[in-house]
Amino acid sequence: MARKTLVLAEARDGGLRHVSYEAIAAGKKVADGGEVVAVLCGDNIASLAQSLGHYGADRILTVENENLKNYTPDGYKQAMMQVIDSEKPEAIVMGHTAIGKDLSAGIASRLNCGLISDVTGIDADGELAFIRPVYAGKAFEKKRIKDGIVFITIRPNNIEALEKDESKEAVVNAFDVVVKDLRTIVKDIVKKTTSGVDLSEAKVIVSGGRGVKSAEGFEPLKELADVLGGAVGASRGACDAGYCDYSMQIGQTGKVVTPDLYIACGISGAIQHLAGMSNSKVIVAINKDPEANIFNVADYGIVGDLFEVVPLLTKYFKEV
Ligand code: FAD
């Protein structure tokens, strides 16, 4: 059944977040031959729009307004509701990002429709169904929306973006919105990531736990992450001990990540940590305790001292 599908694209630091392209790929499946309309909100973002067409959007709406320069729940909700009222989509797809999580709930409640969040797979062969993790990643459930708008958020790094095709041009239209009486004003954005790579979208994550022993102990991990073009994450144990910032925490009460490669260094593998990383494609664990629970989810385990093993890995990857 063809569905007109609205996809939220996210701009950041002068570029588009990769999850925007993944959301278009998801939108294509949901649309089932219907039109996929990407919506890009912000200020001065029109130049980014066309690449959404290269990744499969049929039409792009740029929603520019000085009050949309930074994300605010009320500003974006006002803008998106005006787009939704005008476009009347049958489906909506957003990334399961900080913005998508916040905005989707607000919009679903305004539209009085269902919402399936944190989708990691789409079964579009028969009756459309969505796969998502439950019980902190221990099991997966399959859900359907039987009635009304099909509204989902997708977990970054799980649904593959379509191949870029620069010959594909999409129609780009400016969509005027009125955004006013904001109750939230962003005064300043303080960035706390340790490298330029966004943890939730990183393909490689080198993560440290209490075994890292100090803030300085993270240095070898940062070097390895740099060589691999990855980001540095942490367990709550390391954050609680003051070795690193909470923005790096991975797990049930931190970020949920699904990189291609997750290297856990000095992390015991508590269930709350596994909830945030156990769906990574390849897991490497470095721990000096051969009984550590992290080895139960690891594809490759190295029993040893991380301060010896990590520099050796860095040296090796620098050479190859
Ligand atoms: P530890 O359990 O102390 O493990 C340290 C590991 O380092 C050990 O296995 C040790 O063998 C190894 N080690 C020590 N020295 C070395 C060395 N030189 N070389 C190699 N290995 C070494 N935790 C999270 O991570 N994320 C969450 O989101 C989270 N949410 C929580 C929510 C709740 C409600 C609760 C109750 C807990 C939560 N926790 C979370 C905490 C979780 O239960 C664990 O306490 C925490 O994950 C432990 O961190 P850790 O593995 O770094 O430390």
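The values are calculated or read from the model by the stated rules, or taken from the named source; none is laboratory data. These numbers were taken from a predicted model, which means no experiment stands behind them. Because the Cβ atoms are built from the backbone with ideal geometry, glycine has one as well, and the counts that use them run over all protein chains shown. Accessible surface is based on the protein model in full, side chains and every heavy atom, while ligands, DNA and RNA are left aside. Shrake-Rupley method; radii C 1.70, N 1.55, O 1.52, S 1.80 Å.
Numbers for the structure displayed
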{"item": "Carbon + sulfur, % of accessible area of the stretch 162-320 - ligands and nucleic acids excluded, 1.4 Å", "result": "51 percent"}
{"item": "Sparse-neighbourhood loop sites, trypsin sites (Lys or Arg not before Pro) in the stretch 170-254 - DSSP loop, at most 15 other Cβ within 10 angstrom", "result": "Lys180, Arg183, Lys187, Lys191, Lys192"}
{"item": "Diffusion constant of the stretch 264-315 at 25 °C, which comes from Stokes-Einstein with the Kirkwood Cα-pair radius and 0.890 mPa s, µm²/s", "result": "221 µm²/s"}
{"item": "Relative contact order (%) - criterion: Cα under 8 Å, at least six apart; region: the chain", "result": "14 percent"}
{"item": "Isotropic mean projected area of the C-alpha convex hull, the stretch 9-54 (nm²)", "result": "3.1 nm²"}
{"item": "Projected label distance in nm at Lys213 and Lys142, using a 7 Å step from Cα toward the beta-carbon", "result": "5.0 nm"}
{"item": "Of Lys28/Lys88; Lys203/Lys281; Lys4/Lys69; Lys138/Lys222, pairs whose Cα-Cα distance is over 19 Å", "result": "Lys4/Lys69; Lys138/Lys222"}
{"item": "Length-normalised contact order of the stretch 272-317 in % [C-alpha pairs under 8 Å, at least 6 apart]", "result": "35 percent"}
{"item": "Solvent-accessible area, 1.4 Å probe, carbon plus sulfur percent, for the stretch 6-70", "result": "38 percent"}
{"item": "Scattering profile of the stretch 16-114 at q = 0.16 Å⁻¹ [log10 I(q)/I(0), Debye over alpha-carbon scatterers]", "result": "-0.66"}
{"item": "Value of D in µm² per second that Stokes-Einstein yields for the stretch 54-181, Kirkwood Rh from Cα pairs, at 4 °C (1.567 mPa s)", "result": "80 µm²/s"}
{"item": "Debye equation applied to the C-alpha atoms of the stretch 194-320, log10 I(q)/I(0) at 0.15, 0.19, 0.22 Å⁻¹", "result": "-0.56, -0.96, -1.37"}
{"item": "Cα long-axis angle, helix 18-31 against the chain (0 to 90 degrees, to the nearest 10)", "result": "50 degrees"}
{"item": "Residues of the chain: accessible area per residue with a 1.4 Å probe, Å²", "result": "48 Å²"}
{"item": "Mean ellipticity per residue at 222 nm, deg cm²/dmol - from DSSP H runs of n ≥ 4 across the chain, formula -39500 (n - 2.57)", "result": "-8000 deg cm²/dmol"}
{"item": "Sparse-neighbourhood loop sites, GluC sites (Glu not before Pro) in the stretch 221-320 - DSSP loop, at most 16 other Cβ within 10 angstrom", "result": "Glu291"}
{"item": "Segment Arg110-Ser167, extension gain: residue separation times 0.36 nm, minus the distance between their alpha carbons", "result": "16.7 nm"}
{"item": "P(r) histogram, all alpha-carbon pairs of the chain included - 20 Å bins from 0, percent", "result": "32, 53, 15, 0"}
